[in-house]
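Read the figures in this text as sums done on the coordinates, not as results from a lab. The model shown is predicted, which means the values in this text are computed figures rather than measured ones. As a convention, Cβ positions derive from the backbone with ideal geometry for all residues, glycine included, and neighbour counts pool all protein chains shown.
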Amino acid sequence: MTATIIDGKAFAAKVRGQVAEQVARLKADHGLIPGLAVVLVGADPASEVYVRSKGKMTVEVGMNSFEHKLAADTSEADLLALIDKLNNDPQVNGILVQLPLPDHLNEDLVINSIAPQKDVDGFHISNVGLLGTGQKSMVPCTPLGCLMMLRAHHGSLSGLDAVVIGRSNIVGKPMAQLLLGDSCTVTVAHSRTRDLPAVVRRADIVVAAVGRAQMVPGDWIKPGATVIDVGINRIEKDGGGTRLVGDVDYDSCAAVAGAITPVPGGVGPMTIACLLANTLTATCRDNN
Ligand code: GUN
């Protein structure tokens, strides 16, 4: 079997187009322009690339982008003061603090200082609780993008066996909640899971979110399964230079799977599209 390639890049462009249409309508009908504030502490090169890309796409859909780049040694008090200012700024509908933060900053404290209704990452403890209890919440962007692609490919996910590899707060845990919400039978596998290949082989849906390059080989995949690859890992290329690969070994998995997301061009673009969609949602909820 040769897998259907789930084109996240095209899907994300469609989502951004829909967001742009609604942003234009908000502006025309209500004079509102959604605003997204992104806070970056320090100069991690990968984070700088993400933040630049988020800012560019925010402006492209007609929203205001507010970037706050702070020095790596910024104190917790100063960061909390900035978040408080953004929480109270009516021009700012969404706030994202890029993770990871430098070690001297308490990530939980910082995230939980964001007003929950402006928490477009869905990381605030109250949004986590709302999602876990099936209530309306801000949903983390990467798992939301994965769910949208899965729904588009499968239609109903009800009754399917889903294995999420990775238990991070950013992807693995919220992904499991979303799949459970769509009535999948969900297993969350992680570094201590016994006989991971056997666990993955049961799955109709595999979501790989471990951050280890090409960790999942094709012979772990049940024929016809759908493989969603959240990993973005840079590896050395044969003959010099580097290239991006996911958490699954693409060629061997694509030979067995029914459908697969590529890296790049799969989950990555959907994450940013969902961030913009969440910012629009936050704006609409802010203004009823
Ligand atoms: N770092 C890696 N992924 C994310 C994300 O989705 N949101 C934030 N804020 N930081 C990240």
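Details
- Among 38, 171, 120: highest mean-square fluctuation, GNM of the chain, C-alpha pairs under 10 Å: 38
- Annotation: amide H of residue 97 within the under-5 Å range of 39, sequence separation 5 or more or interchain, hydrogens built in the peptide plane.
- Rounded to whole numbers, the Karplus 3J(HN,Hα) couplings from phi for the range 235-240 are 10, 5, 8, 4, x, x Hz, using 6.51 cos²θ - 1.76 cosθ + 1.60 with θ = phi - 60°, and x at Gly and Pro.
- Under conditions of 20 °C and 1.002 mPa s, the range 30-117 yields 160 µm² s⁻¹ as its translational diffusion coefficient, taking Rh as the Kirkwood radius over Cα pairs in the Stokes-Einstein equation.
- Within the same chain, lysines fewer than 8 places from residue 69 are excluded, and of the rest, those with a Cα less than 22 Å from its Cα are 54, 56, 85, 118.
- Residue ranges 84-96, 140-152 sort as 140-152, 84-96 when ordered by packing (mean number of other C-beta atoms within 10 Å per residue, highest first).
- Between residue 284 and residue 24, the contour length at 0.36 nm per residue exceeds the Cα-Cα span by 92.3 nm.
- Ascending count of other beta-carbon atoms within 10 Å, so fewest first, for 261, 226: 226, 261
- Two-site FRET efficiency, residue 91 against residue 13, from Cβ-Cβ distance with R₀ of 22 Å, rounded to 0.05: 0.25
- Amide hydrogen proximity for residue 184: with H placed 1.01 Å from N in the peptide plane, the residues at 5 or more positions away or on another chain lying under 5 Å are 159.
- Karplus-derived HN-Hα couplings along the range 153-165 (A = 6.51, B = -1.76, C = 1.60, θ = phi - 60°), whole Hz, x at Gly and Pro: 6, 9, x, 6, 9, 4, x, 6, 8, 10, 10, 9, 9
- Amide H contacts of residue 165 (H built 1.01 Å from N, under 5 Å, at least 5 apart or other chain): 189, 207, 208, 209
- For the chain: relative contact order, % (alpha-carbon pairs under 8 angstrom, 6 or more apart): 23 percent
- Unmatched cysteines, the chain - criterion: no other Cβ of a Cys under 4.7 angstrom: 146, 184, 253, 284
- Packing order of peptides 192-198, 68-74, highest average first: 68-74, 192-198 (average count of other Cβ atoms within 10 Å over each peptide's residues).
- Volume per residue of the convex hull around the Cα atoms, evaluated for the chain, comes out as 136 Å³.
- Per-peptide packing, taken as the mean over residues of other Cβ atoms within 10 Å, places 228-235, 97-104, 28-35, 206-213 in the sequence 206-213, 228-235, 97-104, 28-35 from highest down.
- Here the Karplus relation 6.51 cos²θ - 1.76 cosθ + 1.60, evaluated at θ = phi - 60°, turns the backbone of the range 261-275 into coupling constants of 9, x, 10, x, x, x, 5, x, x, 5, 4, 5, 4, 5, 4 Hz, with x for every Gly and Pro.
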